[in-house]
Structure formats: C-alpha cells, structure tokens
Amino acid sequence: MSARTRRVRRPLLRSARFWVPVSLAAVLVGLAWLAVTVTPSVLTARDELEKAIPYAAAAQKAATSGDAAAAAAAGAEMRTHTARARAATQSRAWTMVERMPWVGENLAAVRVAAEEADRLTGEVVIPMADVGVDAIRPVDGRIDLAAVRTLSTTVSRALTVADLSGARLSLVDRAALLPQVAAGIDRLAGEIATLRPSIVSVDNGLKVLPAVLGGDGPRNYLLLFQNSGEVMPGGGTIDSLAEVHADNGALTITRQSSGSAEAFPAFPGPVVGMPPGSQETYPDGLGSRVQSLTRTPRFDLSSKIAHEMWKQRTGVAVDGVIAVDTVALSYIMAATGPIDLPDGSKLDIGNAVSMLLGDLYATFPPEEVDAISQSVVAMAFARIASGDVDMASLTAAVSRAGDEQRIRLWGTDAGEQSLLKGSPFEGEPPASTTTTDAFGVYFIDSTPGRMQRFMTQGVDLAQAVCAADGKRHVRVRVSLANTVTPDQALTLPDSVTGGGASTAIGSMRVDTLVYAPPGSTMVGVSRNGQPAPSIITTDGDYPVNRVGTTIAPGETAQFDFDVLATDDDLRTLSAEVTPVVSPTSISTSKLDCG
C-alpha cells in the first residue's frame, strides 16, 4: 500500500470520535445536574405559593370584620410562605434553566408568580391589614383627619402595587405553559382580582372621608330612621329624622324631629319634580309626606325629596342623606352596647327589633314610643361619635347592614356620589346586563300598623323558551306568609295591628310590586293559581306590575308575575328585594310552559 493511499490515524484525544460523545455526555450531565438542582426549588416554590394564597382571603376577611390582629397574623403567615417561594426561584441554576426552550418559559412564569406574590404580600396584604378601624376612632369627640389622610396614602399605594402585579401577570403567555403552571398564574391573578374591589372601596372612602367629616368646611347631613315594621320599597316608613353637623372631624346631632304627621305635616304636593311614571306607580304621598320618603326603590329620589322637605321646614340645605332601618340599628347596638329605657329595661341587640317594632307599645303610648325611638337613635349616635364603641363590631355591623341594603347613602357632591355607584349603599332598581336579567321585588305595607315584623317572604325566578310562541317567558313567584297566630294577634297593641280600623286584627295588607328589565312586557298576575287584578305602570324605563292582597293570621299567599322577556336567549336571573325584618329566600327554577 502506497503512502498516498494509506489512512492516517489521528490521535484519540484529537478525534471527533472522542469529543462528540464526551461533549454530549457533558451536556447531559450538566442538564441532569441542573434538573437535580432546580427540581427541588420548583417543588418548594409551588408548595409555598399554594400555602400562601389562601391567607390573602383570610387577611381580607379579618380586616373587613375589623379584626386587625387576625388580619396582621394572616399577612405575616402569608409573607413567610411567599418569601420562601421567591427565594427558591432566585438561584443561578434557575436562571440558567430559564434560558432553555419550553421548560425555561415555565420556570420564568413560576418566578414571576413567586415575585409578585411576595410583592403583593409585603406591599398590599400587610399594609391593608394594618389599616385598622381604630385609626378612625373618635377621640374626645373628634376623628383625627390627619390620620385618615395618612391611611389614604397607604391604601392608594397598595392599589397601585396590586394593579402593577396584575398587569405583569397578564403578560405571561399561558399558551406556552404547562396546564398546572398556567392554572397557578390564573389563581394568583384571580386573588388580585378578588382583593381589588375591596381595596378600591377603602381607597375611595378614605379619599373623601376628610371632606365628608367637615375637613374642608362644615357640613350637615340628614339621618333618616326607618321603621321596618311598616315596609316600603326602600325599606320602611320614616319614624324620625335627625340633622347631623360635621366640623373638622367632630360629629354632633343638632336637631331632631318625629316623622309623625303631627310633627312633620304633609306638603300640599310634591316638593321636587317627579320622574316619569313615579306618580302613577306610587300615587299615595311620594314627594309630599315625609313618612312616604321610601315609597320608591330609588334612594336618590327619596333623598332629593328629603333634602327639599328639610330645607323648607328648617331652612338648612343638607349636604347628604343617610337612611338606617330598625334591623341595622340592632346590628349597630352590638358595638354601642345596651341603652337604658325609661321603665328601667334595656334595649340591646337581642331585643331591639321586637321592642322598637311592637313591644314598647304595650307599655307606652305611641307618642312616648316616638320620643323613646328618637332618644335611642341619639344615644347610639352619641356613643359612636365619642368613640365609646367596639370599632370592630361597628365595622362588621355597618358592612352587614350595607350588604342587606339596610343602610343607604346619598350626597349632593356629584364626585363623592359617583363613588357609591354599584355599591349596596346606593339604592337603585337593579340593572340588567348582557348575561343577567335583574328583577326588583318590592313591598308596601297598607296596614295602619306595624305588622311586617311577622311577615316572611320568598322569591323564585323561573324561565323557559316556550314552544307555543318561541318566546322566552319569565315567571317571578312571590310567596308571602303572615306568621302571627289568631290568638297572638289578640294580644298585640293596636299600634301594631291597626286595631281593626281597615283590616281585621292580625291581618296585614301588602302591595307587591315587580320591576322587570327595561323592554320586557308584563303579561299578568295570578294569586294562588287564580288570575288576580293588578296595575301595570312604568317607573322610568322599568315595566312595573303591582298587586295588593290581605293576608290573614297564619295564611300564605302566592303570586305569579308573568313576564315576556326582551329576547329568546336564556340568561342568569337575579332579584333585588325590599329588606324586610326576616331575610328573603331567593331561588331559581325551570319554568313549565304547560
């Protein structure tokens, strides 16, 4: 073999036969080392985030109820877990793996989640837990407005951080992630979305609170106390009124009045311009009698009427109106403590409703009960204004009463009023959406007494597209029960039963009104399966059907309001119902078109 044709063998160390396998092996070893190094960190980050997230809801719930210690404890525990999760994602090995295709995108997402969870805990959850209600407790009859402004700055910062975290999470491409990782990102984003409304609510409230409390100049408010025993669409009839003066954080009652016809006579006609349909829907005293202020579910209308009535009677143009019903007052008494009554007994959270709505009339004449009710409101307010209350209980009471629509707020400042839009304190007929048909169910007591303490009620919403006409039909079923027994009725004071003046003793006369979504058509009403006469009107854009009935002791009445919907697509059905003494059961079912 010639030298030209003889193959020259290269040294092994310079041969690809050696270096390619060795390099590949080295890469595999390196990857294995990275996997061994990073995998425990991934599991740690995952486990710590899963442990941390539930504490966000726990901290929010505790803060909302006024339990600052529990909120702080939940925030601290959450920070322990988020700090561990974040630390697990900060190693050099983690950063190297993030540069690898596919797996790197998942690790980057986990790191972002850990960083934002830790940021949220430190800059949102913990600061919000420290926003305790004791910071706004009156001291020597005055709320420290400087402290309120400091809290406002803290909460505004928390809201900014929450929004920045939400925005960063929204940039994570879920399509490139493992389902488990994508679900984790979505869960964290969902927690932010859940927390945000409460932060916004607190932020809005703290921003305007100094001005509301007279920080930019004195203000006056009209406090309406509603009697839940005489139910109206907006709550109850007006038992008494009080003018509240606010000046640089100090609150005082400067004037009170009974809502009786003798103390506050009716006006010759509506004191403000009435919206279209309101007079036809509510022909009895809306706009002219103070007792009938809540004879509409529109609290802005009730407030404008009250504002003008008070101005004409006293010369004071108030800056806002606050309405509180009997049940809400009973909740608030958990914070104020018992209140002494003239006969030596005490009014407390356990007996406030029964005493104010009936039992006092067995001991005192109506005019004295009226004076006692005003005194109770004044004493409860004085304790709140002085700071002599359990602030956590007060916060919980106001929150509960607000959720049950037993407290309403309205102000003349358009900017401040806009902050109440959509909140339970606003008081408007329910608004439907593209996916929900919202109905209003409201009651008016026509008994010359206070019998709604004994009324229970339920609402069922049913719908179907019926084959007969291809249209979507909705049925609103309202069930009313008079729970008083005939024997019990005979023991009740005339001020409760009406004394048989226009209804038999123990019976209650109730008008039921159903508001349907704008564009709907009212078809008819039946009572206990039989057609019943009704009055169809409109209130603004809402079709309204109204039917009256008298319910004897122990009797139940069932009304079916039939409505032709605006379109044929099935939607979620919801109902807003007048807040009565007893809670209303609301259900949905399928309509039988037969």
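The values are calculated or read from the model by the stated rules, or taken from the named source; none is laboratory data. This structure is a prediction, so every number in the text was calculated from the model and none was measured. Positions of Cβ are generated from backbone atoms using ideal geometry, with glycine treated the same way; all protein chains shown enter the neighbour counts. Surface areas here come from the heavy atoms of the whole protein model, side chains and all, with no ligands, DNA or RNA. Shrake-Rupley method; radii C 1.70, N 1.55, O 1.52, S 1.80 Å.
Quick notes
- In the stretch 80-98, the residues that are modelled with pLDDT under 90 and of a type in the set (A, V, I, L, M, F, W, C): A85, A88, A93, W94, M96, V97
- Selection over the stretch 80-94 of residues that are surrounded by fewer than 23 Cβ atoms within 10 Å (Cβ to Cβ) and either without any contact (Cβ under 8 Å) to a residue 40 or more places away in the chain or assigned to a helix (DSSP H, G or I) (or both) gives a count of 10.
- Exclusive hit being touching a residue at least 40 places away in the same chain (Cβ under 8 Å), open to solvent by less than 40 Å² (accessible area, probe 1.4 Å) and at positive phi, set G498, G554: G498
- L394 falls short of the stated requirement of being at negative phi, free of Cβ contacts under 8 Å to residues at least 24 places away in the same chain and not assigned by the TED database to the domain that holds V580.
- Selection of the stretch 324-340 for residues being touching a residue at least 60 places away in the same chain (Cβ under 8 Å), open to solvent by less than 10 Å² (accessible area, probe 1.4 Å) and in a strand (DSSP E or B) yields only D325.
- Of residues in the stretch 510-551 being farther than 25 Å from D284 by Cα, without any contact (Cβ under 8 Å) to a residue 40 or more places away in the chain and of a type in the set (S, T, N, Q), the one most open to solvent (accessible area, probe 1.4 Å): Q530
- Here V290 fits the description: open to solvent by less than 10 Å² (accessible area, probe 1.4 Å), over 17 Å from E428 (Cα atoms) and not small (G, A, S).
Every residue, every condition in (1) more than 25 Å from P366 (Cα to Cα); (2) open to solvent by 50 Å² or more (accessible area, probe 1.4 Å), yes or no:
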site	(1), (2)
G249	yes, no
R255	no, yes
V272	yes, no
D284	no, yes
R295	no, no
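- Residue tally, condition open to solvent by less than 50 Å² (accessible area, probe 1.4 Å) and among the small types (G, A, S), over the stretch 563-594: 4
- Filter pass, T194 being β-branched (V, I, T) and part of a strand (DSSP E or B): no
- Whichever residue in the stretch 199-216 is within 25 Å of A63 (Cβ to Cβ) and of a type in the set (G, A, S) and, among such residues, is surrounded by the fewest Cβ atoms within 10 Å (Cβ to Cβ): S201
- Residue satisfying all of: in the stretch 70-79; surrounded by fewer than 21 Cβ atoms within 10 Å (Cβ to Cβ) and in contact with a Lys or Arg (Cβ under 9 Å, 6 or more places away or on another chain); modelled with the highest pLDDT among these: E77
- The stretch 352-364, residues that are more than 26 Å from the chain's Cα centre (by Cα), without any contact (Cβ under 8 Å) to a residue 40 or more places away in the chain and either open to solvent by 50 Å² or more (accessible area, probe 1.4 Å) or closer than 28 Å to P424 by Cα (or both): M355, D359, T363
- Test: residue in the stretch 454-475 that is open to solvent by 10 Å² or more (accessible area, probe 1.4 Å), in a loop (DSSP other than H, G, I, E, B) and within 18 Å of P233 (Cβ to Cβ): no
- Verdict on V172 being of a type in the set (V, I, T), outside the structural domain of V244 (by the TED database), in a helix (DSSP H, G or I) and surrounded by 14 or more Cβ atoms within 10 Å (Cβ to Cβ): no
- Criterion: over 32 Å from the mean Cα position of the chain (by Cα) and of a type in the set (D, E) - qualifying residue of D460, D445, D469, D511: D469
- Of the residues screened, P553 is not one that is over 30 Å from S354 (Cβ atoms), over 25 Å from the mean Cα position of the chain (by Cα) and outside the structural domain of R406 (by the TED database).
- Check on R196, touching a residue at least 60 places away in the same chain (Cβ under 8 Å) and either open to solvent by less than 30 Å² (accessible area, probe 1.4 Å) or under 30 Å from T412 (Cβ atoms) (or both): no
- Each residue in the stretch 103-122 was checked for being open to solvent by 20 Å² or more (accessible area, probe 1.4 Å) and under 11 Å from G75 (Cβ atoms), and 1 pass.
- Residue, farthest from S330 (Cα to Cα), within the stretch 397-415, restricted to residues that are crowded, with 17+ Cβ neighbours inside 10 Å and more than 12 Å from the chain's Cα centre (by Cα): G411
- Search result, residues across the stretch 383-395 that are hydrophobic (A, V, I, L, M, F, W, C) and over 23 Å from L357 (Cβ atoms): A385, V389, M391, A392
- Test: D67 is on the phi > 0 side of the Ramachandran plot and either modelled with pLDDT under 90 or crowded, with 17+ Cβ neighbours inside 10 Å (or both): no
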